Amino acid sequence: MKACGIADVLGGEKVLGWKVRNNMDLVELSKRGVPKSALSRLAKTLGFTTAHMATFLPVTERTIQRYTPKQYFKAYVSEQILELAQLAAYGLEIFDDQEQFLGWLNEPIKALGGRAPVELLDTRFGVEMVRNELIRIEYGVFS
């Protein structure tokens, strides 16, 4: 997964205020903070509401609502946002279609214990399991 694909899911340089060219730029972005407008773009890409996004992040919906679009999240929240953006960018790359990817995210999968991938996005371990499932799909290994 290319760093620029992650940035694209978040709205690119215009929204981030930062040109992302590589993983080091992502490290710096996570330290600097991701603006609320980028979270809004990610939510739109994933077909989620702000309330739904809050369930995946270490921040409440009310806190997200209080942020202005240009206000930056703290590093620990930004890191989670970037991790979800990375997963979204990878899923869009694998499926090559937003609608198909979103359908897959919401369908129960046997390899994930009969749970839909979206149900696992609230922990890093769950995100890793979903990422591993995408890798299997990429390489044609279906469970």
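The values are calculated or read from the model by the stated rules, or taken from the named source; none is laboratory data. In this text, all values refer to a predicted model and were calculated from it rather than measured experimentally. All Cβ positions, glycine included, derive from the backbone under ideal geometry; neighbour counts span all protein chains shown.
Numbers at a glance
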| item | result |
| --- | --- |
| Scan of region 93-135 for residues that are over 21 Å from TYR76 (Cβ atoms) and among the polar types (S, T, N, Q), ordered by number | GLN98, GLN100, ASN106, ASN132 |
| Candidate set: region 92-143, residues that are β-branched (Val, Ile, Thr) and in a helix (DSSP H, G or I); chosen: the one nearest to the chain's Cα centre (by Cα) | VAL127 |
| Residues that are surrounded by 13 or more Cβ atoms within 10 Å (Cβ to Cβ) and at pLDDT 95 or above, drawn from region 110-121 | LEU112, ARG115, ALA116, PRO117, VAL118, GLU119, LEU120, LEU121 |
| Residue match in region 75-91 (condition: surrounded by fewer than 19 Cβ atoms within 10 Å (Cβ to Cβ), β-branched (Val, Ile, Thr) and more than 11 Å from the chain's Cα centre (by Cα)) | no |
| Those residues of region 1-56 which are among the basic types (Lys, Arg) and either within 18 Å of LEU105 (Cα to Cα) or over 15 Å from the mean Cα position of the chain (by Cα) (or both), in sequence order | LYS14, LYS19, ARG21, LYS31, ARG32, ARG41, LYS44 |
| Among residues of region 27-42, those that are surrounded by fewer than 20 Cβ atoms within 10 Å (Cβ to Cβ) and among the aliphatic types (A, V, I, L, M), counted | 1 |
| Neighbours by Cβ (under 6 Å, 6+ apart or cross-chain): first from region 85-106, without any contact (Cβ under 8 Å) to a residue 24 or more places away in the chain; second surrounded by fewer than 19 Cβ atoms within 10 Å (Cβ to Cβ) | PHE101/PHE95; ASN106/ALA116 |
